[in-house]
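See below for the structure under consideration.
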Amino acid sequence: MAKGYWIARVDVHNMDGYKEYVAQNGAVFHKYGAKFLVRGGTFEAVEGKARARNIVLEFKDHATALACYRSPEYAKAKALRAGAVDIDIIVIEGYDGPQPTD
């Protein structure tokens, strides 16, 4: 079964508001079995428009990734970042089909 992912791109305008959100979201992510694959880090935007921070979270499947985003626990955490960030998040199903060969 393909895994599920959140891909988030964030510009932080109020670090205090963002820090409170980060402090609260860990318990939610733990409940849904999320694993950070990317959390900030150095990047180079080679095409298109970038934001200052990039985050990729992995979940056991797409349904779990959506359930986490739509949960009341995450809604509470998300409210803490209101006005502190500009953010784009997609929830996407991974691919576990054939890969390119030589």
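One line per residue, one yes/no per condition, for (1) crowded, with 16+ Cβ neighbours inside 10 Å; (2) of a type in the set (A, V, I, L, M); (3) in contact with a strand residue (DSSP E or B) (Cβ under 6 Å, 6 or more places away or on another chain); (4) closer than 30 Å to PRO98 by Cβ:
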residue	(1), (2), (3), (4)
TYR5	yes, no, yes, yes
ALA8	yes, yes, yes, yes
MET15	no, yes, no, no
LYS19	no, no, no, no
GLY41	no, no, no, yes
ALA75	no, yes, no, no
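Among the residues making up region 21-39, those that are surrounded by fewer than 16 Cβ atoms within 10 Å (Cβ to Cβ), over 13 Å from the mean Cα position of the chain (by Cα) and closer than 16 Å to LEU80 by Cα are ALA23, ALA27.
Residues of region 77-102 that are in contact (Cβ under 8 Å) with a residue 24 or more places away in the chain and over 24 Å from ARG51 (Cα atoms): TYR95, ASP96. For region 45-73, taking the residues that are closer than 23 Å to GLU20 by Cβ and in a loop (DSSP other than H, G, I, E, B), the one that is least open to solvent (accessible area, probe 1.4 Å) is identified as SER71. Report whether or not ALA84 is surrounded by 14 or more Cβ atoms within 10 Å (Cβ to Cβ) and either more than 14 Å from the chain's Cα centre (by Cα) or among the aromatic types (Phe, Trp, Tyr) (or both). Spelling it out, ALA84 is indeed surrounded by 14 or more Cβ atoms within 10 Å (Cβ to Cβ) and either more than 14 Å from the chain's Cα centre (by Cα) or among the aromatic types (Phe, Trp, Tyr) (or both).
The values are calculated or read from the model by the stated rules, or taken from the named source; none is laboratory data. Since we're looking at a predicted model, the values are computed, not measured. We place every Cβ from the backbone using ideal geometry, glycine too, and count neighbours over all the protein chains shown. Keep in mind that these areas ignore ligands, DNA and RNA; they rest on the heavy atoms of the full protein, side chains included. Shrake-Rupley method; radii C 1.70, N 1.55, O 1.52, S 1.80 Å.
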